[in-house]
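What follows is a single structure, written as structure tokens, with notes after it.
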Amino acid sequence: MKSGDSTTINVQESGPISKGKGPVLAAPLPRPGGWKKGAAIFDFVLRLGAVVAALAAAATMGTSDQTLPFFTQFFQFQASYDDLPTFQFFVVAMAIVAGYLVLSLPFSIVCIVRPHAVGPRLLLLVLDTVVLTLDTAAGAAAAAIVYLAHNGNPNTNWLAICQQFGDFCQKVSGAVVASFASVVVLVTLVVVSAIALRRV
């Protein structure tokens with residue numbers, strides 16, 4: 001290249017640059033799982049219903065008592081829940097279930113305030129399962145005795161007593177129905193907690 005030659009450099013012009021505008025940032029997306037708060041509220045309402053059912057079962061069985069006069073006022077037949085250990089176990093078990101459900105309400109409120117908290121929900125899941133087992137055992141045992149009271153058992157010479165003690169049998173039958181209602185609610189609580197934990 002000689003000193004007299006000129007060199008031409010072509011520079012491609014860029015397009016117009018927008019001034020005064022920063023990069024566009026996307027708005028932060030809301031945290032997924034908003035449905036968990038609704039599930040926690042549903043959990044709280046179910047616990048209130050289970051408390052009512054368990055208390056109704058314990059109170060109904062605990063007040064089941066009927067006395068039949070026979071011949072004279074001094075010779076009487078009486079049927080009471082404390083005549084049978086199964087019914088005594090039922091009353092104690094349902095009282096424990098109701099007490100637990102009342103004590104679990106603050107933890108359910110914590111799950112409403114902090115729907116993404118894992119610890120309280122996991123604790124409720126474990127304890128609900130244990131209490132569900134106790135509730136089911138008490139209801140099933142009492143249901144077997146109520147069936148014998150209504151139908152008897154000819155093979156073992158167990159007579160049906162509900163023909164004579166109608167009011168007593170109605171009360172214990174209602175208590176058993178209330179206990180199984182609480183069982184259904186507890187099963188629902190366990191399922192709701194398991195689903196909420198599964199999608200953490």
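Values in this text are rule-based calculations from the coordinates and carry no lab data. Keep in mind it's a predicted model, so treat the numbers as computed, not measured. So basically every Cβ, Gly included, is an ideal-geometry build from the backbone, and we count neighbours across all protein chains shown.
Using per-residue counts of other Cβ atoms within 10 Å, averaged over each peptide, order 140-152, 168-180 from highest down. Provide the component values of the computation, followed by the final result.
On the way: 140-152: 16.6, 168-180: 20.8.
Ranked from most to least packed, the peptides come out as 168-180, 140-152.
Using a 10 Å cut-off on Cβ atoms, rank the peptides 190-196, 114-120 from the highest mean neighbour count down.
Working: 190-196: 17.3, 114-120: 15.0.
Put in order of decreasing packing, that is 190-196, 114-120.
When only C-alpha pairs under 8 Å and at least 6 residues apart count, what is the relative contact order of the stretch 46-200, in percent? Walk me through the intermediate numbers first.
Numbers: 192 pairs, mean separation 53.1, N = 155.
Reported as a whole number, the value is 34 percent.
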